[in-house]
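The structure under discussion appears below in the form of structure tokens.
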Amino acid sequence: MFSRIFWIARVTFLEALRQRFLAFLLLLAAAFILGSVPLRSIDFGHGELKFLADLGFGALFLFGSILAVVLPSQLLYGEIDNRTALTLLAKPVGRGEFLLGKFFGSWAVLGVFTFALTALIGIILLVREPDVVARAMALQVVPPEVSVLGLFEHALLQWLRLGIIVSVALLVGSLAQTFLYTVVVGSMAVLASQLVWIAQDTLANPEAVLSTVMRGALWLTTRIFPNLQGYNIGETLVLGQSMVLPGTVSSLSLSAAVYLVVILFLACTAFRRREI
Amino acid sequence: MTDQPAISVRDLTKDFRVGLRGVKLRAVDNLTLSIPRGQVYGLLGPNGCGKSTTLKIVLGLVPATSGSFTLLGHDSASPEARARIGFLPEAPYFHRFLTGRELVRYCARLSGVAADRVDAATDEALELASMTEAGNRRVGTYSKGMLQRIGLAQAVVHDPELIVLDEPTAGVDPVGSAAIGKMIQAMRQRGKTIVLCSHLLGQVEQVCDRIAVMDRGRLVLEGHIDEVLAQRGVHQISVEGLTPAARQAAEEALSRHGAHVLKVDPPRQTLEDLFRRLVTGSRD
Ligand SMILES: Nc1ncnc2c1ncn2[C@@H]1O[C@H](COP(=O)(O)OP(=O)(O)OP(=O)(O)O)[C@@H](O)[C@H]1O
Ligand SMILES: [Mg+2]
């Protein structure tokens, strides 16, 4: 079973690499990040590193999310529309194995994307660091410090977050009939997950006046959608390592793993019933 | 175990819902069929009569509306049954970005060929489909005939007992079709069961042991090819140098024995035979 999932994932990965879409988004994101470097001449002073990190992580977040919704949907519908899925599923390959293969293949592609962009951001930050530190010293303020471990942890968290998005896209794709529908609904689900923290905050705020229905709806929202905004702690991880509470990264990873298992289970169940 | 049919279908019905209002379209209508082992079985019928749908249901790719069926004596969903069959879907389309060889290896692995056998099995299958040379090119660059042949290679790479071919000759030139016919016969000699859907009736007549004809989802004829085609009480004689006098003498001689001639005309060779003698074969 695992070997079949592995082989499907491998071919999925190869297919994605040989498509232009990935290269296009990767180049776009890299251009975006590199393009932000000259902007620092607007003199951010010792805020320069923060500016560069913000932009870099922003680009990673945005383009990564787009890729995580579009790529798995495209790979899934590509196989169904071209009827290659028929050939594969006539073999002793379970529907669940097929879908998991698609998941791991797409997720591996997003891993390449995330770690490549993180490396680029890291290089830019490290190159600029001595200069910025010197300027901060001259002004006698506490200089920022780039944490390589933090960069790595941030990449890991982003990768997990993108994995959740991939699984959501595959779940929607298993239920929907068209590629466009999958991309639209998938994007809306991601947007909702990105905004869940607002619902959480509102619920936690003792001063908020809420009707029971409203409270119930908000509560349900926070239960169904994962709080994806919670994974965007890049700036703190990388530039202010000391401010991150111990255990934050591991607890975020753990909750991501739980979400992944649940969503993938639902996706496999839905895909088993799908007509192809 | 082996006396169970390769495929058995009982009272199978399939309705598709089409359009927004969900109008029912009956693709397969109360079909009962039993395909014995070790034979080449032809499934014939006009476009849209439900051949492909029947095969897809039996292979567990499409759910049936009602009825029951088994595959090599097992439930179609069971991996044991599906590991022992090879399927070439109609109008096959494979991962364009893989080379033919990579594709066949991939299929070998998914079909459970042991890791140390994968290379040998891939080579054999490519050889059988005469795709050894073209195996190093991307599938996206293949001609229709090559696509069908690589489809055959991926269907037989794990040495299955039952091979289901849905229109393996669609879009293939007569020389290529004849080669596919030979492949089918070779596999039959190795004791395989082959189910063949095809519109090339001439070829079906040559390679099939039994045939079933479907029309609008129903079975209209089933039987051994010789039995269904035999025109009882009629015989053909081929004669060279038939002069009018000779013809008259022959007719008289025959009528003395109570036989009479129905028609006399020169036999025509088939266009296919002519074509095959004229051309050497495709460039692939
Ligand atoms: N997924 C589907 N949704 C709706 N109708 C379908 C679907 N698949 C097949 N049909 C319909 O079912 C009928 C049988 O189709 P099928 O593909 O089995 O025919 P066939 O005998 O294989 O024909 P051909 O010789 O053209 O390949 C057709 O009328 C077809 O339009
Ligand atoms: Mg058909």
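Values computed for the structure shown
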| read-out | value |
| --- | --- |
| Breaking point among (1) modelled with pLDDT under 90; (2) under 23 Å from A:E275 (Cβ atoms), for B:F87 | (1) |
| Yes/no for B:L200 being modelled with pLDDT of 85 or more and more than 23 Å from B:I163 (Cα to Cα) | no |
| Residue within the range B:84-96 that is in contact with a strand residue (DSSP E or B) (Cβ under 9 Å, 6 or more places away or on another chain), free of Cβ contacts under 8 Å to residues at least 60 places away in the same chain, within 30 Å of A:R18 (Cα to Cα) and away from ligand 2 (no atom under 16 Å from the Cβ) present | yes |
| Members of the range B:70-87 found to be in a strand (DSSP E or B), buried (at least 17 other Cβ atoms within 10 Å of the Cβ) and more than 15 Å from ligand 1 (Cβ to nearest atom), listed by number | B:T70, B:L71, B:I85, B:G86 |
| Cβ pairs under 6 Å, 6+ apart, first in the range B:37-52 and at negative phi, second near ligand 2 (Cβ under 8 Å from one of its atoms) and part of a strand (DSSP E or B) | B:L43/B:C197; B:K51/B:C197; B:S52/B:D166 |
| Residues satisfying the stated conditions in the range B:10-32, i.e. under 25 Å from B:E205 (Cβ atoms) and more than 16 Å from ligand 2 (Cβ to nearest atom) | B:T32 |
| Residue under evaluation B:I211, criteria (1) within 26 Å of B:D29 (Cβ to Cβ); (2) surrounded by fewer than 18 Cβ atoms within 10 Å (Cβ to Cβ); (3) at pLDDT 90 or above, criterion not met | (2) |
| Residue among B:G19, B:G45 that alone is within 14 Å of another protein chain (Cβ to nearest Cβ) and among the small types (G, A, S) | B:G19 |
| Filter result (assigned to a helix (DSSP H, G or I) and either β-branched (V, I, T) or in contact with a Pro (Cβ under 8 Å, 6 or more places away or on another chain) (or both)) within the range B:189-210 | B:V204, B:V207 |
| From the options A:A85, A:A53, A:A59, A:A68, residue that is assigned to a helix (DSSP H, G or I), within 14 Å of chain B (Cβ to nearest Cβ) and within 27 Å of the chain's Cα centre (by Cα) | A:A85 |
| Given (1) without any contact (Cβ under 8 Å) to a residue 40 or more places away in the chain; (2) surrounded by fewer than 23 Cβ atoms within 10 Å (Cβ to Cβ), index of the condition A:E79 fails | (2) |
| Qualifying residue in the range B:267-283 (condition: more than 23 Å from B:Q206 (Cβ to Cβ) and under 29 Å from the mean Cα position of the chain (by Cα)) | yes |
| From the options B:G241, B:G151, B:G217, B:G223, residue that is within 16 Å of ligand 2 (Cβ to nearest atom), more than 30 Å from B:R117 (Cα to Cα) and at pLDDT 85 or above | B:G217 |
| Residues located in the range B:79-96, provided they are in contact with a Leu (Cβ under 7 Å, 6 or more places away or on another chain) and facing chain A (nearest Cβ under 7 Å) | B:F87, B:P89, B:P92, B:F94, B:H95 |
| Test: residue in the range B:49-67 that is away from ligand 1 (no atom under 15 Å from the Cβ), of a type in the set (A, V, I, L, M, F, W, C) and within 13 Å of another protein chain (Cβ to nearest Cβ) | no |
| Residue count, the range B:162-188 (criterion: in a loop (DSSP other than H, G, I, E, B) and of a type outside the set (D, E)) | 5 |
| Hits in the range B:108-120 - residues which are more than 7 Å from chain A (Cβ to nearest Cβ) and either part of a helix (DSSP H, G or I) or crowded, with 24+ Cβ neighbours inside 10 Å (or both) | B:A108, B:A115, B:D116, B:R117, B:V118, B:D119, B:A120 |
| In the range B:140-155, residue farthest from the other protein chains (Cβ to nearest Cβ) [restricted to those that are surrounded by fewer than 24 Cβ atoms within 10 Å (Cβ to Cβ) and hydrophobic (A, V, I, L, M, F, W, C)] | B:M146 |
| Residue pairs meeting the criteria (Cβ under 6 Å; at least 6 apart or on separate chains; first facing another protein chain (nearest Cβ under 8 Å), in the range A:1-28; second surrounded by fewer than 20 Cβ atoms within 10 Å (Cβ to Cβ)) | A:E15/B:F97; A:R18/B:F97 |
| Selection count, the range A:254-276, where residues are exposed (fewer than 15 other Cβ atoms within 10 Å of the Cβ) and either on the phi > 0 side of the Ramachandran plot or away from ligand 1 (no atom under 16 Å from the Cβ) (or both) | 8 |
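Here's the yes/no breakdown for (1) closer than 18 Å to A:L60 by Cα; (2) within 14 Å of chain B (Cβ to nearest Cβ); (3) in a helix (DSSP H, G or I); (4) at pLDDT below 85:
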{"site": "A:W219", "(1), (2), (3), (4)": "no, no, yes, yes"}
{"site": "A:G230", "(1), (2), (3), (4)": "yes, no, yes, yes"}
{"site": "A:L245", "(1), (2), (3), (4)": "no, no, no, yes"}
{"site": "A:S255", "(1), (2), (3), (4)": "no, no, yes, no"}
{"site": "A:V261", "(1), (2), (3), (4)": "no, no, yes, no"}
{"site": "A:F265", "(1), (2), (3), (4)": "no, no, yes, no"}
{"site": "A:A270", "(1), (2), (3), (4)": "no, no, yes, no"}
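Conditions (1) surrounded by fewer than 18 Cβ atoms within 10 Å (Cβ to Cβ); (2) modelled with pLDDT of 80 or more, marked per residue:
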residue: A:V11; (1), (2): no, yes
residue: A:A16; (1), (2): no, yes
residue: A:F21; (1), (2): yes, yes
residue: A:L28; (1), (2): yes, yes
residue: A:I33; (1), (2): no, yes
residue: A:D43; (1), (2): yes, no
residue: A:L60; (1), (2): no, yes
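The values are calculated or read from the model by the stated rules, or taken from the named source; none is laboratory data. It should be emphasised that the depicted structure is a prediction, and the values quoted were computed from it without experimental measurement. Reconstructed Cβ throughout: ideal geometry from the backbone, glycine too, with neighbour counts over all protein chains shown.
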